[in-house]
Structure formats: C-alpha cells, structure tokens
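The values are calculated or read from the model by the stated rules, or taken from the named source; none is laboratory data. Note that the coordinates shown come from a computational prediction; the quantities given were computed from them, not determined experimentally. A quick note on method: Cβ atoms are made from the backbone with ideal geometry, for glycine too, and the neighbour counts reach across all protein chains shown. When the accessible area is computed, the model is the full protein with side chains, heavy atoms only, and any ligands, DNA or RNA have been set aside. Shrake-Rupley method; radii C 1.70, N 1.55, O 1.52, S 1.80 Å.
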Amino acid sequence: SRERVRQMLSGIEDVPSDADWQRLGDGVLPVLIDLGDDTSQPPYVRLRAVGATGAFPRTAVRAFLLAIARVDGQSDLLVREAVVTLARAFGSAAVGDLLPFLRHDEVVVREAAARSLGTIGGSAATRALRDRLPVERDDTVRRTIEHALR
C-alpha cells in the first residue's frame, strides 16, 4: 500500500535496499513514482522514493528520473538524486542522459554528474569529462572530474 511504502521510505536507521524493493515486486514502482512526484511529501521521502526507483531499470523509470531532473526550479538535491539514480540503474546506457548535467547551475548536480560519469567510464563519458574540465569553475567539481579521469 502507499502508506506502507511511505513508512519504508521514512525509516531513519533502516533504509530499504534495491533488493528489498525488488522483493515487493513491480507493483511498488507506481507508488514510488507517485511519492517521488508528490510535492506535498517531505523532501526526504521524495528523495528516497526517487532513489528507490533505481531498483527497477525500466523505460518508465528513466523517463520519470529525467522528468524530475528537468523540472524548472526543482530542488538541487532532488536533481542530484535523479542523476545518481540514472547512473546506478542504467549504467553506460545513461551517459547521454547525464551529459547535460555537467553544465547544471548547481555545484552538487555537476559534481554528481561528474562522479557518475567517472564511475560508468567508457569513451563517451571520458570525452565529456575531459571537455568539461577546462571550463569548470568550481574547485570541488574540478577535483571530482580529475579524480574520475584517473
């Protein structure tokens, strides 16, 4: 039920793993998406719901994560969570989706995109990181890119 999923997302010490969500089956995915999209939910519930969708690497999840990340005025932490979840759930198939986030206004989003691309690796990710390095203005993001390129 929606309330049970919300309770699972609200835990302080015990956050469900991808395996926990998968054991509940595909029926939990629409509930997670709904909670992640629901602006009346507390931010931590939305963040965890967005992250939990990564347990179900499906086309609908990819579309949801990109929609969350592209909303004008969206919380930078929610955008960051969507970026990290895209990388975790879709790996190298998400490289093209992640590239625009290297140019995001918020440092935490650019840093997450750089770290995610470094973790994924491959020629497209490496090329994007190399292209970003000379124009990146934040020291934290620059260090993340340099680390990712090693």
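Could you please find all residues in the stretch 96-107 being out of contact with any Leu (no Cβ under 7 Å at 6 or more places or on another chain) and not small (Gly, Ala, Ser)? Once the filter is applied, which keeps residues that are out of contact with any Leu (no Cβ under 7 Å at 6 or more places or on another chain) and not small (Gly, Ala, Ser), the stretch 96-107 yields Leu99, Pro100, Phe101, Leu102, Arg103, His104, Asp105, Glu106, Val107.
Consider only pairs whose beta carbons are under 7 Å apart and that are at least six residues apart or on different chains; among these, list those whose first residue lies in the stretch 95-112 and is touching a residue at least 60 places away in the same chain (Cβ under 8 Å) and whose second residue is surrounded by 24 or more Cβ atoms within 10 Å (Cβ to Cβ) and of a type outside the set (Phe, Trp, Tyr). Short answer, once both residue conditions are applied: none. The residue that is least open to solvent (accessible area, probe 1.4 Å), among those in the stretch 118-144 that are part of a helix (DSSP H, G or I) and of a type in the set (Gly, Ala, Ser), is Ala125. Among the residues of the stretch 18-52, those identified as free of Cβ contacts under 8 Å to residues at least 12 places away in the same chain, under 20 Å from Ala82 (Cβ atoms) and open to solvent by 50 Å² or more (accessible area, probe 1.4 Å) are Pro30, Thr39, Ser40. Counting only residues that are surrounded by fewer than 17 Cβ atoms within 10 Å (Cβ to Cβ) and either under 11 Å from the mean Cα position of the chain (by Cα) or among the acidic types (Asp, Glu) (or both), the stretch 67-83 holds 2 of them. Every test in (1) loosely packed, with under 14 Cβ neighbours inside 10 Å; (2) more than 30 Å from Pro134 (Cα to Cα); (3) at pLDDT below 95 is passed by Met8 save one, and that test is (1).
Residues that are among the aliphatic types (A, V, I, L, M): find the helices (runs of 4 or more DSSP H) completely inside the stretch 1-72 holding 3 or more of those.
On the way: elements: 2-9, 18-24, 28-37, 43-52, 59-70.
The helices (runs of 4 or more DSSP H) meeting that bar are 2-9, 28-37, 43-52, 59-70.
Quick check, is Arg110 over 28 Å from Thr144 (Cβ atoms) and among the basic types (Lys, Arg)? Don't jump to the end; show me each part of the working.
Details: over 28 Å from Thr144 (Cβ atoms): no; among the basic types (Lys, Arg): yes.
So Arg110 fails the test.
In the stretch 53-64, what residues are out of contact with any Asp or Glu (no Cβ under 8 Å at 6 or more places or on another chain), surrounded by fewer than 20 Cβ atoms within 10 Å (Cβ to Cβ) and in contact (Cβ under 8 Å) with a residue 24 or more places away in the chain? Once the filter is applied, which keeps residues that are out of contact with any Asp or Glu (no Cβ under 8 Å at 6 or more places or on another chain), surrounded by fewer than 20 Cβ atoms within 10 Å (Cβ to Cβ) and in contact (Cβ under 8 Å) with a residue 24 or more places away in the chain, the stretch 53-64 yields Pro57, Arg58, Ala60.
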